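The values are calculated or read from the model by the stated rules, or taken from the named source; none is laboratory data. Quick caveat: nothing in here was measured; it's all calculated off a predicted structure. Cβ coordinates were reconstructed from backbone atoms using ideal geometry, including for glycine residues, and neighbour counts include every protein chain displayed. We work out accessible area using only protein heavy atoms, side chains counted, and drop any ligands, DNA or RNA first. Shrake-Rupley method; radii C 1.70, N 1.55, O 1.52, S 1.80 Å.
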Amino acid sequence: MVQTVGVVGAGTMGVGIACVFAVSGCDVTVIEPDRKRRRLGHKRIDEQIATAHRRGKVNADALSAIPQRVRWAGLSAHLPVALDLAIEAVPERADLKRSVLAEIEQRAPGLLASNTSGIAIGELAGALTRPERFLGLHFFNPVWSMPLVEIVRGGQTSDAAVMEAEQAVAQIGKQKIIVADAPGFATSRLGVAIGLEAMRMLEDRVASAEDIDRAMELGYRHPMGPLRLTDLVGLDVRLDIANTLAKAYGPRFEAPRILVDKVAAGELGRKTGRGFYPW
C-alpha cells in the first residue's frame, strides 16, 4: 500500500493528483519552485477537498484532517527520502521532464512515475539509473472526479512496478488501463485527433464551436465536446501534445493555425479566461 507520495509540479494536474492521494489517506509532499504557483496550488487543493466533501466523497472528519497531510516545498531536494511513490507533473516538455525526473530519482522513491500525456516513457527513462522502476501514470482533469488512470509501461518497466502502480490506482478509487509505450499512448492519441479535427472544422466555418461540441455530446454521448474539453485541458497543453504527436505520426497531428494563434495570444482556455469559449 502507498503511504507516502511526492508530486513535483503544482499546476492543475499536480494539485489534483496530490488531492486524491491525500483523500485516500497518504502523506503527500508537493514540490513547486514558483512561490506564487505554490500559494495558488494550496488554495486549489483546499477548494477541491471542499468540493469532494460537498459531493459526498469525503466525510466531515476527514475534511479537516486532509489538509494536514499535504506539505508544500520549493525544491526537489526537499522531498522525503524513499517515498513509496513520486510523480512528476511539470509542463509537457521532454527536456524539462527528464531533468526533473533525474532529480526526483536521487530521493530513491520506491516507484517513479510521469504524468505525461504524450511523451514516450522510453524517451524520459533515458535520464534515469533505475528505468525498471519508472512508468507513466496519466491522470485526467479534473483528477478528483475522472475515474481513469492510464498506466504506461515503458520498454524497461518491470512487472513488479506495473503491479504496484495498479495497486496505487485502486487505492485512490480509480480504474486503470495498461498501454504500451507509444507517443500519445491510447487516450491522448484518440482525444487529440478528435480535438484537432474539431479546430479545423471551426477554421473552415463548418459550424460554431457550440454546435461542433453539441454534435459530439448529443450524437456520440461524449460528456463534453472536444473544443470545451480543450479549454479545460489548456490550449498550450494541447499544442505541446500535438507537436509531439506530429513528430511521431506525421501531418495528421500538425496543429491548426487557430490553435497556434490562440496560444500565442495567451488564450489558453479556462485558466486564462478565454480559449474557444469565454470563461
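Residue by residue, the range 160-165 carries 3J(HN,Hα) couplings of 4, 5, 5, 5, 5, 5 Hz when phi is fed to the Karplus relation 6.51 cos²θ - 1.76 cosθ + 1.60 (θ = phi - 60°); x denotes Gly or Pro. On the principal axes of its alpha carbon atoms, the range 186-272 extends 33, 28, 24 Å, with the longest extent given first.
Around the amide H of SER114, modelled in the peptide plane, lie the amide H atoms of GLU88, LEU135, GLY136, LEU137, all under 5 Å away and 5 or more residues distant in sequence or on another chain.
From its DSSP helices (H runs of at least four residues, each -39,500 (n - 2.57)), the chain gives a residue-normalised ellipticity at 222 nm of -14000 deg cm²/dmol. For the range 99-175, the calculated P(r) over all alpha carbon pairs, in 10 Å bins from 0 to the bin holding the longest distance, is 20, 52, 27, 1 percent. The stretch between ARG257 and LYS36, if pulled fully straight at 0.36 nm per residue, gains 76.4 nm over its current Cα-Cα span. Pairs of alpha-carbon atoms within less than 8 angstrom and 6+ residues apart define the contacts here; what relative contact order does the chain have, in percent? Contact order relative to length: 14 percent. Extending 7 Å from the Cα toward the beta-carbon at both THR272 and ARG205 defines two label points whose distance is 2.6 nm. Heavy-atom accessible surface of MET146, to the nearest 10 Å², is about 80 Å², with a 1.4 Å probe and all protein chains retained. Cross-link reach is defined here as a Cα-Cα straight distance under 15 Å, omitting same-chain residues fewer than 8 places apart; for LYS247 the aspartates and glutamates meeting it are GLU92, GLU123. A Cβ-based charge dipole, computed about the Cα centre of the chain with Lys and Arg at +1 and Asp and Glu at -1, lands at about 600 debye. Accessible surface comparison of HIS78, HIS222, probe 1.4 Å, protein chains only, largest first: the order is HIS78, HIS222.
Would you mind getting me the FRET efficiency between SER158 and ALA264? Use the beta-carbon distance for r and R0 = 41 Å, nearest 0.05.
Calculated transfer efficiency: 0.45.
Solvent-accessible surface of the range 119-228, taken per residue with a 1.4 Å probe and all protein chains present: 49 Å². Can you compute 3J(HN,Hα) from phi for each residue in the range 170-179, using the Karplus curve 6.51 cos²θ - 1.76 cosθ + 1.60 with θ = phi - 60°, rounded to whole Hz and x for Gly and Pro? Once θ is set to phi - 60°, the couplings for the range 170-179 become 5, 4, 8, x, 9, 10, 10, 10, 10, 10 Hz.
The HN-Hα couplings worked out from phi for the range 247-253 by the Karplus form 6.51 cos²θ - 1.76 cosθ + 1.60 (θ = phi - 60°) are 5, 7, 10, x, x, 5, 10 Hz, whole numbers, x standing for Gly and Pro. Counting only alpha carbon atoms, the long axis of helix 94-105 and the longest principal axis of the chain meet at about 10°. To put it simply, the accessible area of the chain at a 1.4 Å probe is 52 percent carbon and sulfur. Note on TYR220 and ILE177: the model spin-label points, each 7 Å out from Cα along the C-beta direction, lie 1.3 nm apart. The trypsin sites (Lys or Arg not before Pro) of the range 199-279 that meet both conditions, a loop assignment by DSSP and at most 15 other Cβ atoms within 10 Å of the site Cβ, are ARG205, ARG221.
Sorted largest first by accessible area at a 1.4 angstrom probe radius, with every protein chain in place, the residues ASP231, ASP46, ASP204, ASP27 fall in the order ASP204, ASP27, ASP46, ASP231.
Given N residues in the chain, what is its alpha carbon radius of gyration divided by 2.2 N^0.38 Å?
Relative to the 2.2 N^0.38 Å estimate, the chain comes out at 0.99.
Across the protein chains, with a 1.4 Å probe defining accessible surface, the residues GLU88, GLU197, GLU164 rank GLU197, GLU164, GLU88 from largest area downward.
Sites listed here are trypsin sites (Lys or Arg not before Pro) in the range 1-110 whose DSSP assignment is loop and whose Cβ has at most 16 other Cβ atoms within 10 Å: ARG55, LYS57, ARG93. Considering only Cα-Cα distances, which of the following residue pairs are longer than 28 Å: LYS97/LYS176; LYS36/LYS174; LYS176/LYS262; LYS43/LYS97; LYS57/LYS262? Too far apart for the 28 Å limit: LYS36/LYS174; LYS176/LYS262; LYS57/LYS262.
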